[in-house]
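Below: one structure, written as structure tokens.
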Protein chains: 2
Amino acid sequence: MKKWSQSNRKEVLRAHVFKYETVDSSSPNGDKSGVFDIVTCLDWVNIVAIDEDDQVIMVKQYRHGLDDITIETAAGAIEIGEDPLHAAKRELEEETGYISNEWESLGSVKVNPAFMTNTCYVFLARQCRPEGKQCFDPLEEIEIEKYSLERIEEMLDSGEIEHSLTYLSLLKYLRLSA
Amino acid sequence: MKKWSQSNRKEVLRAHVFKYETVDSSSPNGDKSGVFDIVTCLDWVNIVAIDEDDQVIMVKQYRHGLDDITIETAAGAIEIGEDPLHAAKRELEEETGYISNEWESLGSVKVNPAFMTNTCYVFLARQCRPEGKQCFDPLEEIEIEKYSLERIEEMLDSGEIEHSLTYLSLLKYLRLSA
């Protein structure tokens, strides 16, 4: 199987958290062609954070897309040029006040290859200690909640945890721990 | 924790696969407010399809956002008013030519509550048989590949499978099977 060829990629608009472009794309033998959406966000990082009592540190916050309150792993955007692990350490400390000396990569995924370009990196932080400094973005309001791994599994099954990338990150950790 | 209040929601544009709106949102005590992006897609469905020889049926296709070829579970958009299970059966048959009489829900997730509104439903189809009729969308080119569950696990670890929702769907299935 061969890639399609893209041409005439052009920016349509820049929103707050993404850039929207269109691109003309033609199949390898030229029998199919069309205009496709491309949505570019910064890369993202998700952090499965475990404290010294084996509690999973989660963040509770209002989410504007869903118009509801969610319980998620600490997460955020990787700044341009920033190392993913650096972003993970920064986001965990900013959102939760926790820091860790025991970091491990749980891999990465492409958020949605159909029309999005970005990558989500997943990290595990063990033995987290509340010795950092919380520092919210100007439009963030976050509460920290800690749960046993058994309770996390219940919340995955009940739908109390529902953000796809939080869900994925926690399943990656459960698979590692099994 | 209380929800923020949204007002002045307005459509900015309709792209091919999403609608982009902005909304003004204020925190419960009114000390924070801003304009936020809302991206609305149709709901999606992902299908973990297992054939009568315990092979996992995957689809290989060029993806325009990533500009590369991916290996994914069968998946697609749920038409407005369509039942998610109906969409799952339809997408599996259209993309792979396989049908099944043994369907099971693996739950659903919110794709990205931060700025997206939609839900992704995950289904498991067992004992799939190649007795349906493939019917690609006009701009789809798909090849079917079948893998043992052991090989799927290798591909999750190696990054050969990289779409976040495919990854999540397969981890949900592995957790169920464990």
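Sort the stretch A:1-53 into rounded, prolate or oblate with this rule: let a ≥ b ≥ c be the square roots of the eigenvalues of the Cα gyration tensor; rounded if a/c is under 1.5, and if a/c is not under 1.5, prolate when a/b is larger than b/c, oblate otherwise.
Judged from the Cα gyration tensor, the stretch A:1-53 comes out oblate (a/c at least 1.5, b/c at or above a/b).
Residues with amide H under 5 Å of A:Trp44's amide H, sequence separation 5 or more or different chain, H placed in the peptide plane at 1.01 Å from N; which?
Those qualifying (amide H under 5 Å, at least 5 residues apart or on another chain) are A:Ile78, A:Thr119, A:Cys120, A:Tyr121.
Using modelled amide H (1.01 Å from N, peptide plane; none on Pro or chain starts), what sits under 5 Å from the amide H of B:Val12, excluding residues fewer than 5 places away?
B:Tyr20, B:Glu21, B:Thr22
Averaged across the residues of B:156-162, what count of C-beta atoms belonging to other chains lies within 10 Å of each residue's C-beta? Please list the in-between numbers first.
Numbers: counts 4, 2, 1, 4, 0, 2, 7.
Partner-chain Cβ atoms within 10 Å, mean over residues of B:156-162: 3.
Specify the inter-centroid distance of the stretch B:1-27 and the stretch A:1-58, based on alpha-carbon positions, in whole Å.
For the stretch B:1-27 versus the stretch A:1-58, the Cα centre distance is 21 Å.
Give me A:Met1, B:Met58 sorted ascending by neighbouring Cβ count inside 10 Å, so fewest comes first.
Working: A:Met1 11, B:Met58 23.
The fewest-first ordering by Cβ neighbours comes to A:Met1, B:Met58.
Karplus couplings for the stretch B:16-27 from phi (6.51 cos²θ - 1.76 cosθ + 1.60, θ = phi - 60°), rounded to Hz, Gly and Pro as x?
With the stated coefficients, the stretch B:16-27 comes to 5, 10, 7, 10, 10, 10, 10, 9, 8, 9, 10, 5 Hz.
Provide the per-residue ³J(HN,Hα) series for the stretch B:115-129, in order, calculated from phi with Karplus coefficients 6.51, -1.76, 1.60 and θ = phi - 60°, each as a whole number of Hz, with x at glycine and proline positions.
After applying 6.51 cos²θ - 1.76 cosθ + 1.60, I find 9, 10, 9, 8, 10, 10, 8, 10, 10, 10, 10, 9, 6, 5, 10 Hz.
In nanometres, what is the gap between the two model label sites at B:Glu102 and A:Leu149, each 7 Å from Cα along Cα-to-Cβ?
It works out to 3.0 nm between the two label points.
In whole Hz, with x marking every Gly and Pro, tabulate ³J(HN,Hα) for the stretch B:74-85 from phi via Karplus 6.51 cos²θ - 1.76 cosθ + 1.60, θ = phi - 60°.
Each residue's phi maps through the Karplus curve to give 4, 6, x, 8, 8, 5, 4, x, 7, 6, x, 5 Hz.
From the label point of A:Ser158, set 7 Å from Cα along Cα→Cβ, how far away are the matching label points in the other copies, in nm, ordered shortest to longest?
Inter-copy label distances (nm, one decimal, shortest first): 4.0.
Does the stretch A:44-177 come out rounded, prolate or oblate by the C-alpha gyration tensor, with a ≥ b ≥ c the root eigenvalues, rounded set by a/c under 1.5 and, if not, prolate when a/b is larger than b/c and oblate if not?
Here the stretch A:44-177 falls in the rounded category.
Using only Cα atoms, what is the ratio of the radius of gyration of the protein assembly as shown to 2.2 N^0.38 Å?
Details: Rg = 20.3 Å, N = 356, 2.2 N^0.38 = 20.5 Å.
Here the answer is 0.99, to two decimals.
Show me the trypsin sites (Lys or Arg not before Pro) within the stretch B:122-154 that DSSP assigns to loop and that have at most 12 other Cβ atoms within 10 Å of their Cβ. Provide the component values of the computation, followed by the final result.
Details: sites: B:Arg126, B:Lys133, B:Lys146, B:Arg151; in loops: B:Lys133.
Answer in residue order: B:Lys133.
Please state the charge dipole magnitude for the stretch A:68-178, taken about the Cα centre, from unit charges on C-beta atoms (+1 on K and R, -1 on D and E), reported in debye and rounded to the nearest 20. Numbers along the way, then the final one.
On the way: 10 positive and 23 negative charges, 112 e Å.
The calculation lands at about 540 debye.
For chain B, take the longest principal axis of its alpha carbons; what is the angle in degrees between that and the long axis of helix B:164-177, to the nearest 10 within 0 to 90?
60 degrees
Do any of B:Lys19/B:Lys110; A:Lys3/B:Lys110; A:Lys2/A:Lys32; A:Lys89/A:Lys133 go past 19 Å between their Cα atoms, and which? Don't skip to the end; give the middle numbers.
On the way: B:Lys19/B:Lys110 17 Å; A:Lys3/B:Lys110 30 Å; A:Lys2/A:Lys32 13 Å; A:Lys89/A:Lys133 12 Å.
Pairs exceeding 19 Å: A:Lys3/B:Lys110.
Run through every distinct alpha carbon pair of the stretch A:1-93 and return the Kirkwood hydrodynamic radius in angstroms, one decimal place.
Numbers: mean 1/r = 0.0602 Å⁻¹.
Evaluated on the stretch A:1-93, it is 16.6 Å.
Please compute the average number of Cβ atoms from other chains found within 10 Å of each residue's Cβ in peptide B:164-172. Provide the component values of the computation, followed by the final result.
Values: counts 14, 9, 3, 8, 8, 2, 1, 7, 4.
The shielding value for this peptide is 6.
With runs of 4+ DSSP H residues as the only contributors, calculate the mean residue ellipticity of chain A at 222 nm using -39,500 (n - 2.57) per run, divided by the residue total and rounded to the nearest 500. Write down the numbers at each step before the final one.
Working: 3 runs with 37 residues, N = 178.
Per the formula, -6500 deg cm²/dmol.
By how many nm would the segment from B:His16 to B:Thr40 grow when fully extended, if each residue of separation counts as 0.36 nm and the alpha-carbon distance is taken off? Write out the running numbers ahead of the final one.
Details: separation 24, 0.36 × 24 = 8.64 nm, distance 1.13 nm.
Between B:His16 and B:Thr40, full extension yields an extra 7.5 nm.
Helix B:149-158 sits at what angle to the longest principal axis of chain B, using alpha carbons and giving 0 to 90 degrees rounded to 10?
50 degrees
Values quoted throughout were computed directly from the atomic coordinates according to the rules given, and no laboratory measurement underlies them. Since the model is a prediction, treat every value here as computed from it, not as a measurement. With ideal geometry, Cβ positions are generated from the backbone for all residues, glycine too; neighbour counts draw on all protein chains shown.
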